[in-house]
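Contents: one structure, followed by commentary.
The values are calculated or read from the model by the stated rules, or taken from the named source; none is laboratory data. Being a predicted model, the structure only gives us computed values, none of them experimental. Cβ placement follows ideal geometry from the backbone for every residue including glycine, while neighbour counts extend to all protein chains displayed. When the accessible area is computed, the model is the full protein with side chains, heavy atoms only, and any ligands, DNA or RNA have been set aside. Shrake-Rupley method; radii C 1.70, N 1.55, O 1.52, S 1.80 Å.
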Amino acid sequence: GRFYQRATAEASQATLASVSPVFAVMKFDKEGNTTYFEKKKTELYQELGLQARDLRFQHLMSIATRNNRIIMRMEFLKAVITPEFLLILDYRNLNLEHWLFNELATQLAGEGQLVTYSLPFEFRAIEAILQYRISKLQGRLNTLQPQILETLEALVDPKLLSVDRSKLHILLQNGKSLSELETDLKVFKETILEILDEEELIEELCLSKWTDPQVFEESTSGIDHAEEMELLLENYYRQAEDLANEARELRVLIDDSESIIFINLDSHRNVMMRLNLQLTMGTFSLSLFGLIGVAFGMNLESSLEEDPRIFWLVTGIMFLGSGLIWRRLLSFLGRHLEPPLPPHVRMAVLKKSQPAAGRVEMKNHLKAETFGLSRSTLTNQ
(Lines give C-alpha, C1' and ligand atoms only; values in the text may rest on other atoms or scores of the structure.)
Protein backbone atom coordinates (compact mmCIF):
# COMPACT_ATOMS: atom_id res chain seq x y z
CA GLY A 1 0.00 0.00 0.00
CA ARG A 2 2.83 2.43 0.83
CA PHE A 3 4.61 1.55 -2.39
CA TYR A 4 1.42 2.16 -4.35
CA GLN A 5 0.87 5.59 -2.68
CA ARG A 6 4.50 6.60 -3.35
CA ALA A 7 4.24 5.54 -7.00
CA THR A 8 0.94 7.42 -7.42
CA ALA A 9 2.39 10.63 -5.93
CA GLU A 10 5.45 10.46 -8.18
CA ALA A 11 3.25 9.87 -11.23
CA SER A 12 1.01 12.84 -10.35
CA GLN A 13 4.01 15.12 -9.89
CA ALA A 14 5.45 14.00 -13.22
CA THR A 15 2.08 14.64 -14.87
CA LEU A 16 1.85 18.15 -13.39
CA ALA A 17 5.40 18.90 -14.51
CA SER A 18 4.65 17.73 -18.03
CA VAL A 19 1.50 19.85 -18.38
CA SER A 20 2.93 22.96 -16.75
CA PRO A 21 1.78 25.96 -18.82
CA VAL A 22 4.42 27.35 -21.10
CA PHE A 23 4.17 30.88 -22.50
CA ALA A 24 5.44 31.76 -25.95
CA VAL A 25 6.87 35.21 -25.19
CA MET A 26 7.82 38.07 -27.49
CA LYS A 27 10.00 40.65 -25.76
CA PHE A 28 10.42 44.29 -26.88
CA ASP A 29 12.99 46.62 -25.32
CA LYS A 30 13.13 50.42 -25.37
CA GLU A 31 14.85 50.53 -28.77
CA GLY A 32 12.26 48.28 -30.37
CA ASN A 33 14.52 45.22 -30.53
CA THR A 34 12.65 41.93 -30.44
CA THR A 35 13.51 38.57 -28.91
CA TYR A 36 11.51 35.35 -28.71
CA PHE A 37 11.58 32.60 -26.12
CA GLU A 38 9.41 30.08 -24.30
CA LYS A 39 9.18 29.97 -20.53
CA LYS A 40 7.08 28.15 -17.98
CA LYS A 41 4.54 30.13 -16.05
CA THR A 42 6.21 29.43 -12.70
CA GLU A 43 9.58 30.66 -13.94
CA LEU A 44 8.07 33.73 -15.60
CA TYR A 45 6.17 35.10 -12.61
CA GLN A 46 9.11 34.41 -10.33
CA GLU A 47 11.41 36.29 -12.68
CA LEU A 48 8.99 39.22 -12.84
CA GLY A 49 8.37 39.24 -9.09
CA LEU A 50 4.65 38.48 -9.51
CA GLN A 51 2.22 35.98 -8.07
CA ALA A 52 0.73 33.07 -9.99
CA ARG A 53 -2.73 34.67 -9.94
CA ASP A 54 -1.36 37.77 -11.67
CA LEU A 55 -0.79 35.82 -14.90
CA ARG A 56 -4.17 34.12 -14.99
CA PHE A 57 -5.75 36.92 -17.07
CA GLN A 58 -9.23 36.17 -15.79
CA HIS A 59 -10.96 39.15 -17.43
CA LEU A 60 -11.29 39.80 -21.14
CA MET A 61 -10.07 43.34 -20.58
CA SER A 62 -8.11 44.61 -17.61
CA ILE A 63 -5.36 47.05 -16.69
CA ALA A 64 -3.71 46.40 -13.33
CA THR A 65 -0.41 47.09 -11.58
CA ARG A 66 1.52 44.58 -9.47
CA ASN A 67 4.98 45.08 -7.99
CA ASN A 68 5.89 47.91 -10.37
CA ARG A 69 4.58 45.90 -13.34
CA ILE A 70 1.60 46.70 -15.56
CA ILE A 71 -0.50 43.66 -16.54
CA MET A 72 -2.81 44.33 -19.48
CA ARG A 73 -5.27 42.21 -21.37
CA MET A 74 -7.19 43.38 -24.43
CA GLU A 75 -9.38 40.41 -25.32
CA PHE A 76 -6.84 37.91 -26.74
CA LEU A 77 -3.81 40.17 -26.27
CA LYS A 78 -1.91 39.53 -23.02
CA ALA A 79 0.94 41.86 -22.10
CA VAL A 80 3.23 42.62 -19.16
CA ILE A 81 4.90 46.05 -19.11
CA THR A 82 7.98 46.97 -17.11
CA PRO A 83 10.06 50.18 -17.18
CA GLU A 84 12.60 48.43 -19.43
CA PHE A 85 10.67 46.04 -21.71
CA LEU A 86 7.30 44.77 -22.93
CA LEU A 87 6.28 41.11 -22.95
CA ILE A 88 3.57 39.79 -25.28
CA LEU A 89 2.39 36.36 -24.08
CA ASP A 90 1.01 33.62 -26.33
CA TYR A 91 1.58 35.70 -29.45
CA ARG A 92 1.59 32.74 -31.86
CA ASN A 93 -2.16 32.12 -31.67
CA LEU A 94 -3.27 35.73 -32.09
CA ASN A 95 -2.70 36.36 -35.81
CA LEU A 96 -0.99 39.64 -34.93
CA GLU A 97 2.17 39.22 -36.97
CA HIS A 98 1.61 42.37 -39.02
CA TRP A 99 1.01 44.57 -35.98
CA LEU A 100 3.77 43.01 -33.86
CA PHE A 101 6.49 43.10 -36.50
CA ASN A 102 5.63 46.23 -38.48
CA GLU A 103 3.95 48.68 -36.09
CA LEU A 104 4.57 47.85 -32.45
CA ALA A 105 8.38 47.95 -32.63
CA THR A 106 8.44 51.42 -34.21
CA GLN A 107 5.93 52.78 -31.70
CA LEU A 108 7.94 51.48 -28.75
CA ALA A 109 11.08 53.03 -30.19
CA GLY A 110 9.38 56.44 -30.03
CA GLU A 111 9.16 57.06 -33.78
CA GLY A 112 6.33 59.18 -35.11
CA GLN A 113 5.35 60.71 -31.77
CA LEU A 114 3.50 64.00 -31.77
CA VAL A 115 5.04 65.24 -28.52
CA THR A 116 8.23 67.28 -28.48
CA TYR A 117 9.72 65.52 -25.47
CA SER A 118 10.35 61.85 -24.86
CA LEU A 119 7.97 59.86 -22.70
CA PRO A 120 8.92 56.91 -20.49
CA PHE A 121 8.75 53.46 -22.01
CA GLU A 122 5.55 52.40 -20.21
CA PHE A 123 3.69 55.35 -21.78
CA ARG A 124 4.60 54.23 -25.27
CA ALA A 125 3.68 50.62 -24.50
CA ILE A 126 0.28 51.51 -23.02
CA GLU A 127 -0.49 53.86 -25.91
CA ALA A 128 0.47 51.24 -28.51
CA ILE A 129 -1.79 48.59 -26.95
CA LEU A 130 -4.74 50.98 -26.49
CA GLN A 131 -4.35 52.23 -30.04
CA TYR A 132 -4.36 48.66 -31.32
CA ARG A 133 -7.57 47.91 -29.40
CA ILE A 134 -9.33 51.06 -30.62
CA SER A 135 -8.31 50.35 -34.21
CA LYS A 136 -9.78 46.84 -33.94
CA LEU A 137 -13.07 48.21 -32.60
CA GLN A 138 -13.10 50.88 -35.30
CA GLY A 139 -12.53 48.24 -37.97
CA ARG A 140 -15.44 46.16 -36.72
CA LEU A 141 -17.70 49.21 -36.78
CA ASN A 142 -16.57 50.17 -40.29
CA THR A 143 -17.42 46.66 -41.45
CA LEU A 144 -20.87 46.58 -39.84
CA GLN A 145 -22.01 50.09 -40.72
CA PRO A 146 -22.35 49.78 -44.53
CA GLN A 147 -23.88 46.31 -44.22
CA ILE A 148 -26.54 47.49 -41.78
CA LEU A 149 -27.35 50.63 -43.77
CA GLU A 150 -27.62 48.69 -47.02
CA THR A 151 -29.91 46.09 -45.45
CA LEU A 152 -32.13 48.71 -43.82
CA GLU A 153 -32.41 50.68 -47.04
CA ALA A 154 -33.61 47.54 -48.82
CA LEU A 155 -36.07 46.63 -46.07
CA VAL A 156 -37.81 50.01 -45.80
CA ASP A 157 -38.22 50.46 -49.56
CA PRO A 158 -41.88 51.55 -50.04
CA LYS A 159 -42.03 49.78 -53.43
CA LEU A 160 -41.73 46.40 -51.73
CA LEU A 161 -45.05 44.86 -50.71
CA SER A 162 -43.45 42.09 -48.66
CA VAL A 163 -40.37 41.72 -46.50
CA ASP A 164 -37.47 39.64 -47.78
CA ARG A 165 -36.70 37.01 -45.16
CA SER A 166 -33.08 36.74 -46.28
CA LYS A 167 -32.62 40.44 -45.56
CA LEU A 168 -34.17 39.99 -42.13
CA HIS A 169 -31.75 37.14 -41.42
CA ILE A 170 -28.80 39.34 -42.42
CA LEU A 171 -30.14 42.15 -40.24
CA LEU A 172 -30.46 39.75 -37.31
CA GLN A 173 -26.86 38.61 -37.66
CA ASN A 174 -25.62 42.19 -37.98
CA GLY A 175 -27.68 43.17 -34.95
CA LYS A 176 -26.00 40.47 -32.88
CA SER A 177 -22.57 41.62 -34.05
CA LEU A 178 -23.49 45.20 -33.19
CA SER A 179 -24.57 44.13 -29.70
CA GLU A 180 -21.22 42.41 -29.17
CA LEU A 181 -19.42 45.53 -30.35
CA GLU A 182 -21.44 47.70 -27.97
CA THR A 183 -20.57 45.36 -25.11
CA ASP A 184 -16.85 45.48 -25.93
CA LEU A 185 -16.94 49.28 -26.13
CA LYS A 186 -18.74 49.46 -22.80
CA VAL A 187 -16.15 47.21 -21.13
CA PHE A 188 -13.32 49.28 -22.67
CA LYS A 189 -14.80 52.53 -21.37
CA GLU A 190 -15.51 51.13 -17.91
CA THR A 191 -11.98 49.77 -17.58
CA ILE A 192 -10.40 53.12 -18.41
CA LEU A 193 -12.94 55.06 -16.34
CA GLU A 194 -12.08 53.02 -13.25
CA ILE A 195 -8.47 54.18 -13.57
CA LEU A 196 -9.41 57.80 -14.29
CA ASP A 197 -11.56 57.94 -11.16
CA GLU A 198 -8.63 56.97 -8.91
CA GLU A 199 -5.61 59.23 -8.80
CA GLU A 200 -3.53 56.57 -7.08
CA LEU A 201 -4.11 54.13 -9.94
CA ILE A 202 -2.90 56.71 -12.44
CA GLU A 203 0.28 57.24 -10.44
CA GLU A 204 0.83 53.49 -10.19
CA LEU A 205 0.82 53.28 -13.98
CA CYS A 206 3.85 55.60 -14.02
CA LEU A 207 6.40 52.85 -13.37
CA SER A 208 9.47 55.01 -13.79
CA LYS A 209 8.42 57.01 -10.75
CA TRP A 210 9.81 54.28 -8.48
CA THR A 211 12.98 53.58 -10.46
CA ASP A 212 14.01 57.05 -11.66
CA PRO A 213 12.19 59.92 -9.91
CA GLN A 214 14.05 62.46 -12.05
CA VAL A 215 12.00 61.34 -15.04
CA PHE A 216 8.82 62.66 -13.43
CA GLU A 217 9.94 66.22 -13.00
CA GLU A 218 7.73 68.70 -14.76
CA SER A 219 8.35 68.97 -18.46
CA THR A 220 8.98 72.16 -20.38
CA SER A 221 5.28 72.36 -21.27
CA GLY A 222 4.27 72.56 -17.61
CA ILE A 223 2.55 69.14 -17.49
CA ASP A 224 3.99 66.42 -15.32
CA HIS A 225 3.90 62.79 -16.38
CA ALA A 226 1.01 61.82 -14.08
CA GLU A 227 -1.15 64.38 -15.85
CA GLU A 228 0.21 63.14 -19.17
CA MET A 229 -0.95 59.62 -18.32
CA GLU A 230 -4.39 60.95 -17.43
CA LEU A 231 -4.60 62.84 -20.73
CA LEU A 232 -3.51 59.71 -22.59
CA LEU A 233 -6.28 57.62 -21.02
CA GLU A 234 -8.87 60.35 -21.54
CA ASN A 235 -7.97 60.52 -25.22
CA TYR A 236 -8.74 56.85 -25.79
CA TYR A 237 -11.81 57.07 -23.58
CA ARG A 238 -13.18 59.82 -25.84
CA GLN A 239 -12.40 57.76 -28.93
CA ALA A 240 -14.31 54.82 -27.44
CA GLU A 241 -17.18 57.17 -26.57
CA ASP A 242 -17.34 58.37 -30.18
CA LEU A 243 -17.45 54.79 -31.44
CA ALA A 244 -20.17 53.99 -28.90
CA ASN A 245 -22.24 56.94 -30.15
CA GLU A 246 -21.94 55.75 -33.75
CA ALA A 247 -22.94 52.22 -32.71
CA ARG A 248 -25.87 53.70 -30.77
CA GLU A 249 -27.05 55.56 -33.88
CA LEU A 250 -27.00 52.31 -35.83
CA ARG A 251 -29.00 50.65 -33.06
CA VAL A 252 -31.60 53.44 -33.23
CA LEU A 253 -31.84 53.02 -37.00
CA ILE A 254 -32.41 49.28 -36.60
CA ASP A 255 -35.11 49.83 -33.96
CA ASP A 256 -36.87 52.47 -36.07
CA SER A 257 -36.75 50.27 -39.16
CA GLU A 258 -38.16 47.33 -37.22
CA SER A 259 -41.03 49.55 -36.08
CA ILE A 260 -41.70 50.61 -39.68
CA ILE A 261 -41.64 46.99 -40.83
CA PHE A 262 -44.12 45.99 -38.12
CA ILE A 263 -46.37 48.93 -39.02
CA ASN A 264 -46.22 47.91 -42.67
CA LEU A 265 -47.15 44.34 -41.84
CA ASP A 266 -49.97 45.52 -39.59
CA SER A 267 -51.23 47.73 -42.41
CA HIS A 268 -51.38 44.79 -44.83
CA ARG A 269 -53.04 42.69 -42.14
CA ASN A 270 -55.63 45.41 -41.54
CA VAL A 271 -56.37 45.65 -45.27
CA MET A 272 -57.01 41.91 -45.43
CA MET A 273 -59.22 42.04 -42.33
CA ARG A 274 -61.15 44.99 -43.74
CA LEU A 275 -61.69 43.19 -47.05
CA ASN A 276 -62.86 40.08 -45.20
CA LEU A 277 -65.27 42.16 -43.15
CA GLN A 278 -66.67 43.86 -46.26
CA LEU A 279 -67.26 40.52 -47.95
CA THR A 280 -68.92 39.21 -44.80
CA MET A 281 -71.26 42.21 -44.70
CA GLY A 282 -72.06 41.73 -48.40
CA THR A 283 -72.89 38.09 -47.82
CA PHE A 284 -75.07 39.03 -44.86
CA SER A 285 -76.97 41.64 -46.88
CA LEU A 286 -77.56 39.28 -49.80
CA SER A 287 -78.69 36.48 -47.48
CA LEU A 288 -81.07 38.80 -45.64
CA PHE A 289 -83.03 39.76 -48.76
CA GLY A 290 -82.57 36.29 -50.17
CA LEU A 291 -85.29 35.21 -47.73
CA ILE A 292 -87.81 36.68 -50.16
CA GLY A 293 -86.65 34.32 -52.86
CA VAL A 294 -86.76 31.46 -50.36
CA ALA A 295 -90.37 32.30 -49.53
CA PHE A 296 -91.38 32.25 -53.19
CA GLY A 297 -89.45 29.05 -53.76
CA MET A 298 -91.63 27.07 -51.35
CA ASN A 299 -94.19 24.62 -52.81
CA LEU A 300 -97.11 26.88 -51.89
CA GLU A 301 -99.57 28.37 -54.33
CA SER A 302 -100.52 32.05 -54.41
CA SER A 303 -101.93 34.44 -56.95
CA LEU A 304 -98.54 36.11 -57.49
CA GLU A 305 -96.89 33.31 -59.44
CA GLU A 306 -99.38 33.81 -62.28
CA ASP A 307 -98.19 37.38 -62.91
CA PRO A 308 -95.26 37.34 -65.45
CA ARG A 309 -93.79 40.59 -63.99
CA ILE A 310 -93.56 39.44 -60.39
CA PHE A 311 -90.24 37.56 -60.94
CA TRP A 312 -88.38 40.66 -62.06
CA LEU A 313 -90.02 42.74 -59.34
CA VAL A 314 -88.98 40.38 -56.56
CA THR A 315 -85.48 39.99 -58.02
CA GLY A 316 -85.03 43.77 -58.24
CA ILE A 317 -86.22 44.26 -54.66
CA MET A 318 -83.75 41.60 -53.45
CA PHE A 319 -80.71 43.13 -55.17
CA LEU A 320 -81.70 46.71 -54.40
CA GLY A 321 -82.30 45.99 -50.73
CA SER A 322 -79.07 44.00 -50.44
CA GLY A 323 -77.11 46.86 -52.05
CA LEU A 324 -78.67 49.47 -49.76
CA ILE A 325 -77.97 47.42 -46.63
CA TRP A 326 -74.37 46.73 -47.72
CA ARG A 327 -73.77 50.42 -48.46
CA ARG A 328 -75.20 51.34 -45.07
CA LEU A 329 -72.93 48.87 -43.30
CA LEU A 330 -69.89 50.15 -45.21
CA SER A 331 -70.62 53.74 -44.17
CA PHE A 332 -70.99 52.61 -40.56
CA LEU A 333 -67.67 50.77 -40.82
CA GLY A 334 -65.97 53.82 -42.30
CA ARG A 335 -67.18 56.14 -39.54
CA HIS A 336 -66.13 53.90 -36.66
CA LEU A 337 -62.80 52.61 -38.05
CA GLU A 338 -61.43 55.87 -39.41
CA PRO A 339 -58.13 56.70 -37.63
CA PRO A 340 -58.10 59.91 -35.56
CA LEU A 341 -56.20 62.95 -36.74
CA PRO A 342 -52.60 63.18 -35.50
CA PRO A 343 -51.93 65.76 -32.79
CA HIS A 344 -50.50 69.11 -33.77
CA VAL A 345 -46.70 69.14 -33.52
CA ARG A 346 -45.08 72.39 -32.56
CA MET A 347 -42.26 73.78 -34.67
CA ALA A 348 -39.89 73.83 -31.69
CA VAL A 349 -40.22 70.08 -31.33
CA LEU A 350 -39.55 69.59 -35.03
CA LYS A 351 -36.44 71.72 -34.85
CA LYS A 352 -35.11 69.68 -31.94
CA SER A 353 -35.79 66.42 -33.79
CA GLN A 354 -33.76 67.44 -36.83
CA PRO A 355 -30.55 65.36 -37.32
CA ALA A 356 -27.15 66.87 -36.67
CA ALA A 357 -25.21 68.30 -39.59
CA GLY A 358 -22.26 65.99 -39.09
CA ARG A 359 -24.09 62.73 -39.69
CA VAL A 360 -23.46 60.58 -42.68
CA GLU A 361 -25.51 61.48 -45.78
CA MET A 362 -26.60 57.89 -46.25
CA LYS A 363 -28.08 57.81 -42.74
CA ASN A 364 -30.08 61.00 -43.36
CA HIS A 365 -31.40 59.59 -46.65
CA LEU A 366 -32.41 56.38 -44.91
CA LYS A 367 -34.16 58.27 -42.11
CA ALA A 368 -36.07 60.42 -44.62
CA GLU A 369 -37.31 57.37 -46.49
CA THR A 370 -38.27 55.68 -43.23
CA PHE A 371 -40.25 58.74 -42.05
CA GLY A 372 -42.06 59.06 -45.36
CA LEU A 373 -42.95 55.38 -45.39
CA SER A 374 -44.29 55.55 -41.84
CA ARG A 375 -46.57 58.51 -42.71
CA SER A 376 -47.98 56.81 -45.80
CA THR A 377 -48.46 53.53 -43.95
CA LEU A 378 -50.27 55.18 -41.04
CA THR A 379 -52.51 57.06 -43.49
CA ASN A 380 -53.44 53.83 -45.28
CA GLN A 381 -54.02 52.11 -41.98
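Estimated at the nearest 10 Å², the accessible area of ILE292 is 60 Å² with a 1.4 Å probe. Here the stretch 22-265 exposes an accessible surface that is 47 percent carbon and sulfur, computed with a 1.4 Å probe and the other protein chains kept in place. Here the spin labels are modelled as points 7 Å beyond Cα on the Cα-Cβ line, and at GLN46 and ALA154 they lie 6.0 nm apart. Between LEU196 and PHE284, the contour length at 0.36 nm per residue exceeds the Cα-Cα span by 24.2 nm.
Using 0.36 nm times the number of residues separating GLN173 and GLU234, minus their current alpha carbon distance, what extension gain do you get?
Full extension from GLN173 to GLU234 adds 18.7 nm.
Placing R0 at 56 angstrom, the Cβ-Cβ distance between LYS30 and ASP255 gives a FRET efficiency of 0.70 after rounding to 0.05.
Backbone phi angles across the stretch 49-66, fed through the Karplus curve with coefficients 6.51, -1.76 and 1.60 (θ = phi - 60°), yield HN-Hα couplings of x, 10, 9, 5, 5, 5, 9, 7, 6, 6, 9, 5, 9, 7, 9, 9, 10, 9 Hz in residue order; Gly and Pro are listed as x.
Please state the equivalent ellipsoid semi-axes for the stretch 22-265: what are the square roots of 5 times the Cα gyration tensor eigenvalues, largest first, in whole Å?
They are 41, 21, 16 Å, listed from largest to smallest.
Amide H contacts under 5 Å for LYS78: LEU89, restricted to partners 5 or more places along the chain or on a different chain, H placed in the peptide plane at 1.01 Å from N.
Would you mind checking LYS27/LYS78; LYS136/LYS167; LYS136/LYS176; LYS41/LYS186; LYS136/LYS186; LYS39/LYS78 for any pair whose Cα atoms are more than 19 angstrom apart? Too far apart for the 19 Å limit: LYS136/LYS167; LYS41/LYS186.
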